[in-house]
Amino acid sequence: MLLTEEEQEAIINFQKYLRISTVHPNINYDECITFLTQLGFEAGLTVHVFSPDLCKRLVVMTYEGTDPALPSLLLNSHMDVVPVQEKHWKYDPFGAEIDKLGNIYARGAQDMKGVGMQFVEAVRRCIKEGLKFRRTIHLSFVPEEEIGVKGMESFVKTDEFKKLNVGCVIDESMPGETDEFLLAYAERSSWHLEIICNGVTGHGSLLPDNTAGEKLRHIIDKFMDFRKSEKKKLLNNSNLTLGDVTTVNLMIIKGGVQTNVLPSTMTALFVLGVPVDVDCDKLLNTIRKWCQDAGDGVICKEVKINKYQEVTKLDKSNLWWMAFKNACDEMKLKIKPLVMPGGTDSRFLRKLGIPSFGFSAMNNTKNLLHNHDEYLNQQIFLNGIDIYYKIISELANV
Ligand SMILES: N[C@@H](Cc1ccccc1)C(=O)O
Ligand SMILES: CCCCCC(=O)O
Ligand SMILES: [Zn+2]
Ligand SMILES: [Zn+2]
């Protein structure tokens, strides 16, 4: 595959970005921020490095619009990546090696350093062609998205963010595994429920009623039956995606002090992914009924719950969507709207009433988010630059 000089440059920059270590835990963003500052400057953007109190440092590159007073377009990506289990990778997870099929292997290739680089290259091309847009375009490179602390959630509360005057955002979705591109317009709520089972104590050789273990078993059975029914719903309806059903996983079990003393308390922590259209109060009441039926002293502790997730409207009431859709239609892209199964920074922006399109411009790509041997094919990467170039040009002139 013959590449133009611009395409070769884009791939080299992508590889450089992938090789910079921004892997949890305890990330030092110095090298990454230096790289992005240089890259933005070379692309013709102005670059600011913010270090607000509540948030770790972040980079914002800007291409000013002809009418800077208009709400801006924000292209958001996170710099951080999740850890790897090196022994399961066939390539160095931070080597950004390219195989004979043109697949670029590295942690972050899909999630989401590839998207960040596609944003830069798309805007670089606009600047190089002398395109001017009504709206200012900002590219934010934020920290800590994968741990949800000191990242976008904090940044949106700062004056620096407010000064960006953001009107619309493009952020991440997931690779499409067919020729369709995935467009996230909402995401599920992540609930953390700790079920505390209190029961009798005594010698471990007895058979008393009312033990914590029996109650825990009842609770686990109920959650797992629910999990099974949701999984069946998904498998029986090809129109549903993971974001349309409630996922349930048992993540932590605690209890017991030693093998001959009946534990008076045992707890189980379940994480649920709750779709936007679920009646939260009804679900909570069902879970509380399971606790009552399990026996006395069984309590549902709502460690983390949010009952309402904002949605970005995909209809003609949303002018940003009409422009986004127009660009995709002109490119004849197949778009599959979905509710994201996991969390992204979009949730913090939608909460402010800012429409946010989760859209990773990669299709025909196996979803390897947080998985071994994460890769992005170089042609898919380059196609994505063309796609963002068109979409950004439309949105920045809404
Ligand atoms: N992208 C992360 C966002 C997240 C971080 C921390 C907690 C919850 C969600 C995920 O889905 O896993
Ligand atoms: C499963 C979807 C989650 C994508 C957001 C992330 O992990 O960065
Ligand atoms: Zn991730
Ligand atoms: Zn991500």
**Eligible lysines near Lys231 by straight Cα distance, threshold 18 Å, same-chain separation 8 or greater** = Lys222
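How big is the antiparallel share of DSSP beta bridges in the chain, given as a percent to the nearest 5?
In the chain, DSSP labels about 65 percent of beta bridges as antiparallel.
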**Prompt:** Just how far, in whole angstrom, is region 285-309 from region 9-25 if you go by their alpha carbon centroids?
**Reply:** 44 Å
**Tail weight of P(r) past 22 Å, computed on alpha-carbon pairs of region 1-89, percent** = 41 percent
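Consider all pairwise Cα distances in region 183-271 and report the whole-number % of them above 24 Å. Present the calculation step by step, with values, prior to reporting the outcome.
Details: 1470 of 3916 pairs.
Result: 38 percent of Cα pairs exceed 24 Å.
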**Asked** Given 10 °C and 1.306 mPa s, how large is the Stokes-Einstein diffusion coefficient of the chain in µm²/s, with Rh as the Kirkwood radius over Cα pairs?
**Response** 69 µm²/s
**Asked** So what is the calculated 222 nm ellipticity per residue for the chain, using -39500 (n - 2.57) for each DSSP H run with n of 4 or more, over all residues, to the nearest 500 deg cm²/dmol?
**Response** -10500 deg cm²/dmol
**Prompt:** Excluding same-chain residues fewer than 8 positions from Lys307, which aspartates and glutamates have a Cα within less than 13 Å of its Cα?
**Reply:** Glu187, Asp277, Asp279, Asp281
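Give me the Kirkwood hydrodynamic radius of region 228-311, using the inverse of the mean 1/r over all pairs of distinct Cα atoms, in Å to one decimal.
Details: mean 1/r = 0.0656 Å⁻¹.
Computed over region 228-311, the radius equals 15.2 Å.
Sort 108-115, 193-200 by packing, meaning the average of other beta carbons within 10 Å per residue, with the highest value first.
Details: 108-115: 27.8, 193-200: 21.0.
In descending order of packing, they fall as 108-115, 193-200.
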**Request:** Provide, for q = 0.14 Å⁻¹, the log10 of I(q)/I(0) from a solvent-free Debye sum over equal Cα point scatterers in region 261-398.
**Result:** -0.86
**Over 23 Å [Cα-Cα, region 71-169], rounded percent** = 41 percent
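May I ask which of Lys150/Lys366; Lys56/Lys113; Lys233/Lys325 have a Cα-Cα span longer than 28 Å here?
Working: Lys150/Lys366 30 Å; Lys56/Lys113 18 Å; Lys233/Lys325 30 Å.
Check vs 28 Å cut-off fails for Lys150/Lys366; Lys233/Lys325.
No value in this document is a laboratory result; all are computed from the given coordinates. Just so it is clear, the model here is predicted, and its values are computed rather than measured. Ideal geometry is used to build each Cβ from the backbone, glycine not excepted, and the neighbour counts take in all protein chains shown.
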